[in-house]
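See structure below.
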Amino acid sequence: MPSFILEIAGWLPAIVFPVATFLQLWVVLKNRSGAGVSKTTWLLFGIANIGLYIYAEKYDSIQSIIGMLFTAALDFLIVIFAWLFGKQLTAQEQQALTPELSR
């Protein structure tokens with residue numbers, strides 16, 4: 001397989017995973033609420049990302065560091081802030097809650 005395809009394949013998760021995780025963190029911080037956030041799921045994602053980083057054995061690869069370790073740190077931040085904020089929204093506010101960044 002051509003090396004540029006492998007390079008792109010390495011950068012794709014290094015960009016997509018942290019961006020997707022940051023979007024969830026943004027919603028938690030913006031709403032100052034952990035409502036609708038599964039702390040267990042995000043904790044397990046963080047643990048899995050660390051395990052995958054160790055398993056991949058590419059410790060000096062920037063793609064691995066960003067895609068796995070940085071994402072794991074964001075996963076743990078989601079858990080921490082969701083726990084700190086708790087479920088502070090009323091049921092009516094929860095129904096109106098959307099993950100849109102434009103709100």
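Just so you know, all these numbers are worked out from the coordinates, no wet-lab data involved. Remember, it's a predicted structure, so these values are computed and weren't measured experimentally. Here the Cβ positions follow ideal geometry from the backbone for every residue, glycine too, while neighbour counts run over all protein chains shown.
Quick notes on this one:
- Across all directions, the average projected area of the convex hull around the alpha carbons of region 3-88 is 5.5 nm².
- Alpha-carbon centroids, region 66-87 and region 17-35: separation in whole Å: 9 Å
- Here the scattering of region 1-51 is modelled by Debye summation over its C-alpha atoms, one equal scatterer each and no solvent; at q = 0.17, 0.20, 0.29, 0.30 Å⁻¹ the log10 of I(q)/I(0) is -0.66, -0.79, -1.11, -1.13.
- Its Cα centre serving as origin, region 3-88 has a Cβ charge dipole (Lys and Arg +1, Asp and Glu -1) of approximately 500 debye.
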